[in-house]
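S.K.: Take this structure, written in structure tokens, and hold onto it; I'll ask about it next.
Laboratory data are not the source of any read-out in this text; all were calculated from the coordinates shown. Note that the structure is predicted; figures quoted are calculated from it, not measured. All Cβ positions, glycine included, derive from the backbone under ideal geometry; neighbour counts span all protein chains shown.
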Amino acid sequence: MYSKILAPVSAKNLEARSRAVLRHALALQPEALFLLHVTEPIPGLVGGQAHMQIMREQEEKGLGVLRSVVGVAESAPFVLRVEAGTVAETIVRVAHEEQVDLIIMFTDGRDTLEDALLGSVTERVLRNSDVALLAIRR
């Protein structure tokens, strides 16, 4: 039913969250499982060689996070992506670019003042995407 699944991965409580998300995603037996790590956008004031260096460092760090998740279930057909941007908007953008059928996200409610004012990342993805969303509660 779901051939392409997107699972955003954050470094926050990585091991417990990744196991829960992957257990649900792999139970659906997708053809492709896209693991996405979103990094902070680099300020426009940083340019040239420094900008490229920061981008490389962020991508390597993000790939490290994703590789640690892949170690949980190595047999699945993973596609690893590291993207810079605002988290919710980047998740929605990548879901559309990859034409996924389902987004699976871990949610633990509102943590910050920003979450209280704007809604959690999961809520913002739900409001701004037409892709099915499975939210896994802690």
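S.K.: Quick check: net charge around His96, other residues with Cβ under 14 Å of its Cβ, Lys/Arg +1 and Asp/Glu -1?
M.R.: Taking every Cβ under 14 Å from that of His96, the sum is -3.
S.K.: Modelled label-to-label distance, Ala50 and Glu97, 7 Å Cα→beta-carbon offset: nm?
M.R.: 2.6
S.K.: Still on this structure, I have one more. Scan the stretch 1-62 for GluC sites (Glu not before Pro) in coil per DSSP, keeping those whose Cβ has at most 12 other Cβ atoms within 10 Å, and list them by number. Don't skip to the end; give the middle numbers.
M.R.: Values: sites: Glu15, Glu31, Glu57, Glu59, Glu60; in loops: Glu31.
Those that pass, being in a loop and sparsely packed, are Glu31.
S.K.: What's the local net charge at Leu28, with K and R +1, D and E -1, over the other residues with C-beta under 14 Å away? Working shown, then result.
M.R.: Numbers: positive: Lys4, Arg23; negative: Glu31, Asp101.
Result for the neighbourhood of Leu28: 0.
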